[in-house]
Amino acid sequence: MKVIIVGGVAGGATAAARIRRLNEHAEITVFERSGYISYANCGLPYYIGDVITDPEELTLQTPESFFKRFRINMKIHHEVISIHPERKTVSVKNLENGEIFEEKYDKLILSPGAKPTQPRLPGVGIDKLFTLRTVEDTFRIKEYINKNHPKSAVLAGGGFIGLELAENLRELGMDVTIVQRPKQLMNPFDPDMASMIHNEMRKHGIKLVLGYTVEGFKEKDNGVEVLLKDNPSLQADMVVLAIGVTPDTVLAKEAGLELGIKESIVVNDRMETSVPDIYAAGDAVQVKHYVTGNDALISLAGPANKQGRIIADNICGGDSRYLGSQGSSVIKVFEMTAATTGINETNAKKSGLDVDTVILSPMSHAGYYPGGKVMTMKVVFEKETYHLLGAQIIGYEGVDKRIDVLATAIHAGLRQPS
Ligand SMILES: Cc1cc2nc3c(=O)[nH]c(=O)nc-3n(C[C@H](O)[C@H](O)[C@H](O)COP(=O)(O)OP(=O)(O)OC[C@H]3O[C@@H](n4cnc5c(N)ncnc54)[C@H](O)[C@@H]3O)c2cc1C
């Protein structure tokens, strides 16, 4: 069996390794456009902030180490430029020498991820305006900082990447502003919970410009002017656009695969696309939200890895199913930890669910023992049945453990005690 995988990071590398574990004879080739494979995206902002100082910590695996361990061909700097389902081949461009060749597959796995959303605004594309997706993007930002010593940064977007970058740039001593169209940071949290994140950010000197829309960018005074709708502009030495991600599915589209929200790839619960022998995983696919059952895009590493493993099982003769994403996540916000799973009250109500919430303030460990810290926990449950639907926790210690327990409880269909 010859397996070709497009994308060698979360979903792609995981699928490749598991196929090898399940089938020692499969011929597995992974094409990766960038120069790196199987790296920790989640660590990239911390390299920029000097928390991770050795670049090798980010890129633990190399094509050589992967081949030695798994006998998998990892072809970096190779971009798959088209899929030909009718003859079961892909066209690949070697980005180092421009050579284009065609390669046959029995099974094809797409895990091309998502690209930073680039709004069509004046000034997008100018120097000093960055996005963060790959190791190369990370090195570009780091090199700019090391060379030019910028004193200020504007981050357009207050989601996971915006927050992590804000913290890391602030730790480097920069004056940091986050601009965000919604009136709160971190949309997975309800406004009452997000306000605690706002306080922590402000306590550490991050300026929050919430409820404002960015209209464009202009080079000015050796920096960037960020134009805001109906408001005075902001000025900074550098800008990072982190307003979200869009599935990177041009290949799938051109090959005629069925597409869903934001042109994501539609898959069934075996992660099969609409075209036989083509599977897809990760940020590029549309999933079912585990709680609402609605179609959703949930761009997180956990689902990508899980889906990669499910594809491997199915390709190797098993029958594994992906039941949906719950969106569980944990983020560090300076000294605090903020975590969420399932749906929040705002989204539950938007989905037409009749919900109630409880807010609790448990200690991180038994109250009688010194050093415990209070956390705030908001649990969303269905009013009539008491079924747990979501939870948000903000605190200092033990937040990740409790959100794990609640995520498991939601997955198991448990109820809030009545
Ligand atoms: C800065 C940052 C921080 C993050 N932090 C977290 C976090 O803390 N927790 C979390 O759960 N998630 C985090 N994520 C999200 C997480 O990294 C993604 O959800 C996950 O990597 C998705 O896996 P994937 O396999 O779909 O795509 P990716 O891991 O992005 O891999 C896709 C790869 O495919 C390659 N590719 C695309 N098209 C082609 C082509 N045509 N030919 C060849 N190669 C191609 C790309 O170069 C890319 O390397 C973060 C992401 C970023 C960018």
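Give a residue-ordered list of calculated ³J(HN,Hα) values for segment 146-155 (Karplus: 6.51 cos²θ - 1.76 cosθ + 1.60, θ = phi - 60°; whole Hz; x for Gly, Pro).
4, 7, 9, 6, x, 9, 9, 9, 10, 10
Taking 8 Å as the Cα distance limit and 6 or more residues as the minimum spacing, I'd like the relative contact order of segment 107-221 as a percentage.
Answer for segment 107-221 is 27 percent.
Is there a quick way to get the dipole size of segment 3-69? I mean about its Cα centre, with the Cβ of Lys and Arg at +1 and of Asp and Glu at -1; what is the value in debye to the nearest 20?
Dipole of segment 3-69, to the nearest 20 debye: 360 debye.
Rank-order 305-311, 345-351 by packing density, defined as the average count of other C-beta atoms within 10 Å over each peptide's residues, highest first.
Highest mean packing first, the order is 305-311, 345-351.
What accessible area per residue, rounded to a whole number of Å², is obtained for the chain using a probe radius of 1.4 Å?
46 Å²
Quick one: putting +1 on the C-beta of Lys and Arg, -1 on the C-beta of Asp and Glu, what dipole do you get for the chain around its Cα centre, in Debye to the nearest 20?
With only Lys, Arg, Asp and Glu charged at Cβ, the dipole is about 340 debye.
Of the DSSP beta bridges with both residues in the chain, give the percent that are antiparallel, rounding to the nearest 5.
Taking every DSSP beta bridge with both residues in the chain, the antiparallel ones total about 60 percent.
Given H placed on each backbone N at 1.01 Å, which residues far from Val333 in sequence or on other chains put an amide H within less than 5 Å of it?
Ala338
Could you give the nm distance between label points at Glu27 and Glu254, where each point is 7 Å from its Cα heading toward the beta carbon?
About 2.4 nm, to one decimal.
Using a 10 Å cut-off on Cβ atoms, rank the peptides 267-274, 98-105, 374-381 from the highest mean neighbour count down.
Top of the packing list down: 374-381, 267-274, 98-105.
Run lengths n ≥ 4 of DSSP H only: what is the helix-derived mean residue ellipticity at 222 nm for the chain, with -39500 (n - 2.57) per run over all residues, to the nearest 500?
Using -39500 (n - 2.57) per qualifying helix, the result is -7500 deg cm²/dmol.
Defining a contact as two alpha carbons under 8 Å apart and six or more residues distant in sequence, what relative contact order in percent does the chain show?
The normalised contact order for the chain reaches 14 percent.
Leaving out ligands, DNA and RNA, what percent of the accessible area of segment 276-315 is carbon and sulfur, probe 1.4 Å?
45 percent
Using the Cα gyration tensor of segment 339-408, with a ≥ b ≥ c the square roots of its eigenvalues, what is the shape: rounded (a/c below 1.5), prolate (a/b larger than b/c) or oblate (neither)?
Here segment 339-408 falls in the prolate category.
Using +1 at the Cβ of each Lys and Arg and -1 at the Cβ of each Asp and Glu in the chain, identify which of Thr89, Ala40, Gly308 lies farthest towards the dipole's positive end.
Going by the charge dipole, the pick is Gly308.
Give me the one-decimal nm value for the distance between modelled label points at Gln235 and Thr213, 7 Å along each residue's Cα-to-Cβ direction.
Taking the simple label geometry, Gln235 and Thr213 are separated by 2.6 nm.
Under a crude label model (7 Å from the Cα following the beta-carbon direction), how far is Lys401 from His365 in nanometres?
0.8 nm
If you roll a 1.4 Å probe over segment 206-249 with all protein chains in place, what percent of the accessible area is carbon or sulfur?
Carbon plus sulfur share of accessible area: 44 percent.
Roughly how big is segment 135-274's charge dipole about its Cα centre, with Cβ charges of +1 (Lys, Arg) and -1 (Asp, Glu), in debye to the nearest 20?
460 debye
Taking H as built 1.01 Å from N, whose amide H comes closer than 5 Å to the amide H of Ile5, not counting residues under 5 places away?
Correct list: Thr29, Val30, Phe31, Ile109.
For segment 182-294, just say rounded, prolate or oblate: build the C-alpha gyration tensor, square-root its eigenvalues into a ≥ b ≥ c, call rounded for a/c under 1.5, and beyond that prolate if a/b exceeds b/c, oblate if not.
Taking the square roots of the gyration eigenvalues as a ≥ b ≥ c, segment 182-294 is oblate.
Jot down the radius of gyration and Dmax of the chain, Cα atoms only, both in angstrom.
22.3, 69
Would you pull out the residues with amide H under 5 Å of Glu215's amide H, same chain only if 5 or more places away, H placed 1.01 Å from N?
Leu227, Leu228, Lys229
Of Gln180, Gly123, Ala156, which is farthest on the positive side of the dipole of segment 110-206, counting Cα position, with +1 on Lys and Arg Cβ, -1 on Asp and Glu Cβ, and the Cα centre as origin?
Of Gln180, Gly123, Ala156, it is Gly123.
For Lys207, give me every one of the lysines with a C-alpha distance below 17 angstrom, ignoring sequence neighbours fewer than eight places off in its own chain.
Of all the lysines, those that pass the test against Lys207 - Cα under 17 Å, at least 8 places apart if same chain - are Lys151, Lys183.
The values are calculated or read from the model by the stated rules, or taken from the named source; none is laboratory data. Just so it is clear, the model here is predicted, and its values are computed rather than measured. Heads up, the Cβs are rebuilt from the backbone with ideal geometry, glycines too, and the neighbour counts pull from every protein chain shown. Accessible surface is based on the protein model in full, side chains and every heavy atom, while ligands, DNA and RNA are left aside. Shrake-Rupley method; radii C 1.70, N 1.55, O 1.52, S 1.80 Å.
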